[in-house]
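*Asks:* Could you have a look at this structure, given as C-alpha cells, before my questions?
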C-alpha cells in the first residue's frame with residue numbers, strides 16, 4: 001500500500017520521580033521544576049508536546065509527554081535536554097513507546113470523524129481531559145487470515161466504535177521500531193464511555209486475536225507547569 005501522506009513519529013514517554021526528589025529543599029525543587037517546564041515550552045515550538053498527569057492513576061508513573069513530529073532527532077534531543085534539568089536528574093522512564101502514523105489497510109473506504117480516521121498524517125489531539133494509552137499486539141494467526149476475513153471482523157469493530165462518539169481513537173504503528181506492534185490512545189471526557197466500549201469490544205471476533213494490550217495508562221490532561229507545581233509541593 002502506497003503511503004503518500006506525510007508521516008509522523010509518535011512518542012509516549014512516562015516519567016517517575018525518584019523519592020530522593022522529595023527530600024530536596026523547596027528552592028531546589030522549584031528551580032529544577034521550572035527548568036523542566038521551560039524545556040517543554042521550548043520544544044513545543046518545533047513539535048507537538050502534550051503533558052498529562054498520572055499521579056493517583058498509577059503507582060509507577062507520575063506524568064507523561066505525548067510527542068508528535070516528523071523529526072526523530074527532535075524526540076531524542078527533547079529527552080536529552082529534559083534529563084539535564086534539575087528535575088530531570090531525578091526522573092526515571094519506566095515506560096517509553098515509539099510509533100509512526102500510516103494509513104490503515106482497513107479504512108480505505110471507511111470514514112468516520114472522531115473515530116478511526118485514516119491513520120495517515122499528523123495526529124490531531126482534540127484536547128479532551130482524559131487520554132487512555134496502551135501498547136497492542138495481534139497474534140500471529142491474525143496475519144494468516146485472508147484480507148477479506150480480517151476486513152469483516154474489523155468492520156464489526158468499527159460498528160461498535162461508532163456507538164461511542166465521545167471516544168476518539170489515535171492509532172500509530174510500531175512494527176520494527178519498538179517492541180509492540182501498535183500504540184493506541186483514546187481521548188474522551190467520559191472514562192465510563194471508554195470502559196463500556198472496551199467491554200463491548202470483548203464480544204467481537206477480532207478480540208480473539210489480541211495477544212496483549214497492557215499496560216494501560218489513564219492520563220489526565222494538564223499544563224506542564226501545573227504538573228510540576230504539584231510535584232514541588234508547598235514550602236513546608
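*Asks:* Which of the numbered conditions does residue 184 fail, given that it passes all the others? Conditions: (1) touching a strand residue (DSSP E or B) at 6+ places or on another chain (Cβ under 9 Å); (2) modelled with pLDDT of 95 or more; (3) assigned to a loop (DSSP other than H, G, I, E, B).
*Replies:* In the conditions (1) touching a strand residue (DSSP E or B) at 6+ places or on another chain (Cβ under 9 Å); (2) modelled with pLDDT of 95 or more; (3) assigned to a loop (DSSP other than H, G, I, E, B), residue 184 misses (3) alone.
*Asks:* Can you tell which of 214, 171 is loosely packed, with under 12 Cβ neighbours inside 10 Å and touching a residue at least 12 places away in the same chain (Cβ under 8 Å)? Write out each step before concluding.
*Replies:* Working: 171 fails: loosely packed, with under 12 Cβ neighbours inside 10 Å.
Sole residue among the options that is loosely packed, with under 12 Cβ neighbours inside 10 Å and touching a residue at least 12 places away in the same chain (Cβ under 8 Å): 214.
*Asks:* Here is a further query. Filter the stretch 97-141 for residues that are at pLDDT 70 or above and exposed (fewer than 15 other Cβ atoms within 10 Å of the Cβ) and give the result.
*Replies:* 105, 124, 126, 127, 129, 139, 140, 141
The values are calculated or read from the model by the stated rules, or taken from the named source; none is laboratory data. Computed from a predicted structure; not experimentally measured. Virtual Cβ from ideal backbone geometry, glycine too; neighbours counted across all protein chains shown.
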